[in-house]
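Have a look at the structure below, then the notes.
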Amino acid sequence: MFALPLGDNAQLRPLEPWQAPEFLAHIDRARPNVDPWIPWATLSTDLASATAVLQRYADNQARDTARIYGIWLDSTLVGGVMFTSFEAAAGVCEVGCWLEAAGQGRGLVTAASRALIDWAFLERGMSRVEWWAAVGNTRSSESARRLGMTLDGVLRQRYPYRGVRHDKEIWSVLRDEWPAASGPAASGPAASGPEASGPEARG
């Protein structure tokens, strides 16, 4: 299993169904911060439902349509990043994130998201990476801005949450706008995840 150092005693690793008990304990801690913004946090309320969330990502990774990774700080799961959608034929994917309070203010989401975006552009040849943020989720919007993304627009009443429909911001970055993709493509065979891309060791 790979572990990508993120600095500050933090690592990015795959998040898999066998880790559901650890994932559930983390979501219980993170719920006050992420429940309004991450739909599957609402769905992960016991071991069976938490396992189902991770299994769905594992199944989608096997189909090359989504992936999920955890962020560990001092050996404790504190958040993660994911490709919520990955459309290789269209060259478009969406990156998302979440974080509990213990992991905030350390740049972990930015570092982990950069690893995913590097892999999407450099290894998989994607043309566009999107970032969707609920209007009002200022932390997510600021993360997109720090990644150099452009706000394309707002989808009004895009999704329901507890009986109320909410607006969604759509941010994006294109391959020719991404600094790591402006030079020659990374050499070597394509890999199955972000562990094989970018300037630092992924193994």
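The values are calculated or read from the model by the stated rules, or taken from the named source; none is laboratory data. What you see is a predicted model, and the numbers here were worked out from it, not measured in a lab. FYI the Cβ positions are ideal-geometry reconstructions off the backbone, even for glycines, and counts take in every protein chain you see. To get the accessible areas, we keep the full protein, side chains included, count just its heavy atoms, and leave off ligands, DNA and RNA. Shrake-Rupley method; radii C 1.70, N 1.55, O 1.52, S 1.80 Å.
Ignoring everything except DSSP H segments at least 4 long, calculate the 222 nm mean residue ellipticity for the chain; use -39,500 (n - 2.57) per segment, divide by total residues, nearest 500. Display every interim value, and only then the final one.
Numbers: 5 runs with 56 residues, N = 203.
Only helices count here, giving -8500 deg cm²/dmol.
When only the heavy atoms of the protein chains count and the probe is 1.4 Å, how do T150, T51 rank by accessible area, highest first? Each step should come with its number before you reach the end.
Details: T150 70, T51 50 Å².
I get T150, T51, largest accessible area first.
Rounded, prolate or oblate for region 33-119? Axes are the square roots of the Cα gyration tensor eigenvalues, ordered a ≥ b ≥ c, and the cut-off for rounded is a/c under 1.5.
Working: a/c = 1.89, a/b = 1.15, b/c = 1.64.
The shape class here is oblate.
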Probe 1.4 Å, all chains present, heavy atoms only: Y69 accessible area in Å², nearest 10, is 10 Å²
Return the long-range amide H neighbours of V135 (sequence gap of 5 or more, or a different chain), with a cut-off of under 5 Å between placed amide H atoms.
-> D167, K168, E169
Dipole magnitude (debye, nearest 20) for region 90-140, charges at Cβ of Lys, Arg, Asp, Glu = 100 debye
Region 35-81 - charge dipole about Cα centre, Lys and Arg +1 at Cβ, Asp and Glu -1, debye rounded to 20 | 160 debye
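For the chain, with only Lys/Arg (+1) and Asp/Glu (-1) charged at the beta-carbon, what is the dipole magnitude about the Cα centre, in debye rounded to 20? Working shown, then result.
Details: 20 positive and 23 negative charges, 82 e Å.
So the magnitude is around 400 debye.
When a/c reaches 1.5 or more, the comparison of a/b and b/c decides; with that in mind, is region 76-148 rounded, prolate or oblate per its Cα gyration tensor? If you can, show how the numbers build up before the last one.
Values: a/c = 2.11, a/b = 1.64, b/c = 1.28.
It comes out prolate by the Cα gyration axes.
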Diffing region 82-91: the Karplus 3J(HN,Hα) column from phi (6.51, -1.76, 1.60, θ = phi - 60°), in whole Hz with x for Gly and Pro, holds 7, 8, 6, 8, 8, 10, 4, 5, 7, x
Along the dipole axis of the chain (charges at Cβ: +1 for Lys and Arg, -1 for Asp and Glu; origin at the Cα centre), the most positive-end residue among A20, Q157, W119 is Q157
Just how many % of Cα pairs in the chain lie over 23 Å apart, if you round to the nearest whole percent?
-> 42 percent
Give the longest segment of the chain that steers clear of trypsin sites (Lys or Arg not before Pro) in DSSP loops with at most 11 neighbouring Cβ atoms within 10 Å, not counting the sites themselves.
-> 64-161
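For D35, D8, D176, write out the residues from largest to smallest accessible area, computed with a 1.4 angstrom probe and no ligands counted.
Numbers: D35 20, D8 80, D176 125 Å².
Correct descending sequence by accessible area is D176, D8, D35.
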